[in-house]
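The values are calculated or read from the model by the stated rules, or taken from the named source; none is laboratory data. Quick caveat: nothing in here was measured; it's all calculated off a predicted structure. Positions of Cβ are backbone-derived with ideal geometry, glycine not excepted, and every protein chain shown enters the neighbour counts.
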Amino acid sequence: MKKYEIKLDRRDFLKSSTMLGVSTIAPGVFFQQLAHGRDLDEPASSKIRWGMLINTNQCTDECDACVTACNEEHGIEDFGRPTTDTQWIRKLTLTSETTEESINVPMMCQHCENPPCVDVCPTGASFIRADGIVLVNKHTCIGCRYCMMSCPYKARSFVHENLENQLPHAPRGKGCVESCNLCVHKIDNGENNTACAEACQKDGHQAILFGDLNDVESDISKQLKKYESKEVRSDLGLNTAVRYRGI
Amino acid sequence: MRDKTDYIIIEFSKAVFFFGVVVLSFIALGFYSFLTLEHEGHWLTGMNNQVVWGLPHVFAIFLIIAASGILNIASISSVFNIKIYKPLGRLSALLAICLLTGGLMVLVLDLGRPDRLIVAMTTFNFKSIFAWNIFLYSGFMAVIALYLWMMFEARYNKFVGKVGTFAFIWRITLTTGTGSIFAFLVAKEAYGALAAPLFIALSLLMGTAIFYSILYWMDKGLDVPLGSEIIARFRRLLIYFIFTVFYITILSHLTSLYVTKNHDFEFFLLFSDNIYTLLFWVCQIGIGTILPLFILYNKKLSISPLGILLASLLVIFGGFTMLYIIIISGQAYPLDLFPGYTENSSFYDGAIASYTPSIYEIMLGLGGVGISAAIYIFAIMILDFTPKNLDDEHTLYSNNKEKIKTE
């Protein structure tokens with residue numbers, strides 16, 4: 001039987017182990033970099049302002065894909081108690097008092113530039129991120145509900161019930177206030193879209209467009225430039241990041 | 001000037017026993033309610049995503065503003081130097097601490113996360129009036145403690161005027177802070193800056209009415225005789241404050257009615273077929289304002305201790321109702337997001353929210369009242385807060401070489 005002798009000096013051993021190590025770890029690091037929009041240690045940038053343009057002309061009566069998608073994405077349950085159940089996004093039906101014509105309007109946190117909820121929050125749990133997303137810090141929210149009193153859009157819900165099996169990316173808990181977070185986990189993962197907008201696009205309505213309001217090349221900026229749009233309660237001067245067409 | 005009033009420590013008696021039993025049962029109810037809500041969640045209350053502040057807030061705000069108002073009696077003696085009120089100074093300051101503690105207790109236990117009180121006490125957003133109120137409330141306690149020290153320690157009696165003035169300014173600021181909670185709600189038609197002066201006036205009225213009710217109880221239960229001069233003074237204070245509250249109430253509704261966009265809300269509150277209209281006209285105006293004024297101006301009733309007690313209790317009922325109307329109706333009335341459109345959604349947009357307080361909210365509120373009363377009864381049994389005698393002979397002469405001129 002032939003005997004093979006492996007000649008391996010220290011230099012060769014180090015070289016091959018390094019190559020093996022690099023080839024094992026590198027793809028992971030590379031793909032992880034691809035998957036993340038930015039490093040989690042890196043703060044959100046004020047160069048970006050995330051926002052939405054909602055075209056009510058394309059929002060149909062029967063469809064509630066955005067609502068369902070939001071509930072699934074964040075693990076929002078229905079306890080069968082509609083007055084206390086959480087709703088991050090809801091569909092409003094508006095009927096004109098003069099023409100009696102109806103339109104559908106998806107309504108959620110409007111991510112104001114000057115949010116009243118942030119002003120009134122005693123602990124600073126309600127805050128606005130550098131990229132314009134209004135969030136609730138679930139560690140410091142004491143559940144006083146002053147933000148709900150102050151919100152002009154009725155966008156916030158108080159968690160009235162015990163919750164179980166919450167999703168890791170959507171920390172929620174009894175006794176805290178919450179609202180639409182523009183799918184911040186998806187943004188931080190680099191997906192740069194929201195569950196509601198995705199669902200609406202998937203259903204072919206294209207009523208919700210998500211994007212960076214500060215980027216002149218983004219679809220949302222181009223559409224905002226091209227078409228007339230409105231802020232809800234623009235009289236309050238809050239400069240909302242959610243704009244509407246057709247109202 | 002030294003306080004020459006005789007004070008006593010209250011000993012255990014039948015009246016104290018019954019008072020204690022009632023108080024402890026209130027506290028037990030409040031504690032049970034807190035534990036249940038903490039365990040089950042707020043769905044057990046009548047509150048919802050539109051009416052987010054319910055009966056516990058009415059109780060809490062009632063007790064907090066009454067705390068500020070009840071200190072007025074001490075202020076009248078030490079700030080405005082009307083000496084007949086001097087024997088009531090210690091009690092006035094004690095009751096302010098009691099009521100404030102009870103009110104804050106309800107407020108904290110109704111939080112979604114009462115376990116995070118330490119967060120509220122250590123993490124502040126100074127743009128929020130709530131954060132300022134935390135300082136105003138805790139500072140109020142400290143100021144009153146100092147005030148009491150000056151009143152108790154004969155050597156320091158000479159500083160009572162200065163500390164009293166500081167406490168006076170502090171409590172006006174405190175009630176302004178409490179009223180201002182409702183001044184910073186940009187989108188709600190029901191609220192405005194007039195809430196602050198209204199709350200100050202209401203605090204003076206509630207404080208006076210509660211104080212008189214306690215004086216009456218002291219007379220009957222603790223054998224502290226109450227003289228006609230004190231009764232007459234409280235009658236006049238009640239009249240002044242009833243008119244002040246009534247005046248600001250009228251002013252706030254009339255100014256609001258002038259603004260077209262507020263017409264719908266004012267019509268909803270004042271002239272519709274709902275519980276708030278009924279509460280406003282029958283309970284706040286009828287029972288809480290006109291009826292007490294009738295008693296206070298009635299020839300026979302206005303000089304009867306029982307008559308003034310009745311007026312005080314009606315005024316307390318009216319004031320509590322008034323806070324209920326202010327706090328609840330403003331939330332129940334829907335936001336108008338899209339003027340010119342009728343709104344409809346599964347989240348009750350455009351709909352008047354229904355709110356019925358649940359038993360847990362009532363129990364929690366009573367728990368706060370119980371805490372206030374428990375501190376009071378405990379304090380008067382260990383320290384000499386209670387003046388020995390409040391009959392005319394003592395109140396008119398004890399702190400004056402010459403008799404105070406009576407009107």
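Under the condition of being hydroxyl-bearing (S, T, Y) and facing chain B (nearest Cβ under 8 Å), the residues counted in the range A:98-125 number 2. Annotation for the range B:137-153: no member residue is at the interface with chain A (Cβ under 7 Å from one of its Cβ atoms), in a helix (DSSP H, G or I) and among the β-branched types (V, I, T). If you take the residues in the range A:69-84 that are in a loop (DSSP other than H, G, I, E, B) and more than 8 Å from every other protein chain (Cβ to nearest Cβ), which one is farthest from the chain's Cα centre (by Cα)? In this case the residue turns out to be A:G80. When we screen A:M52, A:M108 for residues that are modelled with pLDDT of 95 or more, surrounded by 10 or more Cβ atoms within 10 Å (Cβ to Cβ) and within 30 Å of B:M47 (Cα to Cα), the only hit is A:M108.
For B:A60, only one of the following conditions fails: (1) within 14 Å of chain A (Cβ to nearest Cβ); (2) buried (at least 24 other Cβ atoms within 10 Å of the Cβ); (3) more than 19 Å from the chain's Cα centre (by Cα). What is its number? Condition (3) is where B:A60 drops out. Inspection of the range B:284-297 identifies at least one residue that is within 19 Å of B:A190 (Cα to Cα) and surrounded by 14 or more Cβ atoms within 10 Å (Cβ to Cβ).
Regarding B:I248, is this residue under 30 Å from B:G192 (Cα atoms), buried (at least 16 other Cβ atoms within 10 Å of the Cβ) and in contact (Cβ under 8 Å) with a residue 60 or more places away in the chain? Here the answer is no, as B:I248 does not meet what is asked. Test B:F80 against the criterion of being aromatic (F, W, Y) and within 14 Å of another protein chain (Cβ to nearest Cβ), and give yes or no. Judged against the criteria, B:F80 is not a match.
One residue alone among A:L135, A:L94 is aliphatic (A, V, I, L, M), closer than 15 Å to A:S179 by Cα, assigned to a strand (DSSP E or B) and in contact (Cβ under 8 Å) with a residue 40 or more places away in the chain, and that residue is A:L135. Residues in the range B:315-345 that are out of contact with any Pro (no Cβ under 9 Å at 6 or more places or on another chain), of a type in the set (A, V, I, L, M, F, W, C) and either free of Cβ contacts under 8 Å to residues at least 60 places away in the same chain or away from every other protein chain (no Cβ under 14 Å) (or both): 7 in all. Can B:S312 be described as among the small types (G, A, S), over 30 Å from A:K230 (Cα atoms), touching a residue at least 24 places away in the same chain (Cβ under 8 Å) and crowded, with 21+ Cβ neighbours inside 10 Å? Against the criterion (among the small types (G, A, S), over 30 Å from A:K230 (Cα atoms), touching a residue at least 24 places away in the same chain (Cβ under 8 Å) and crowded, with 21+ Cβ neighbours inside 10 Å), B:S312 qualifies.
Note on the range B:170-211: residues that are under 29 Å from B:I295 (Cα atoms) and among the polar types (S, T, N, Q) amount to 3.
For A:E113, are the conditions met, namely being modelled with pLDDT of 95 or more, closer than 20 Å to A:G237 by Cα, among the acidic types (D, E) and under 18 Å from the mean Cα position of the chain (by Cα)? Judged against the criteria, A:E113 is a match.
Residue pairs whose Cβ atoms lie under 7 Å apart, sitting 6 or more positions apart in sequence or on different chains, and linking a residue in the range A:160-181 that is of a type in the set (D, E) to a partner that is surrounded by fewer than 16 Cβ atoms within 10 Å (Cβ to Cβ), are A:E161/A:F79.
The residues listed here are A:E178, A:E198, A:E228; of these, the one that is within 14 Å of chain B (Cβ to nearest Cβ) and modelled with pLDDT of 95 or more is A:E178. Apart from one condition, B:D3 fits all of (1) within 30 Å of B:F80 (Cα to Cα); (2) at pLDDT 95 or above; the exception is (2).
Only one of these is touching a Lys or Arg at 6+ places or on another chain (Cβ under 9 Å) and under 26 Å from A:R245 (Cα atoms): A:V67, A:V120. Name it. Of A:V67, A:V120, the one residue that is touching a Lys or Arg at 6+ places or on another chain (Cβ under 9 Å) and under 26 Å from A:R245 (Cα atoms) is A:V67.
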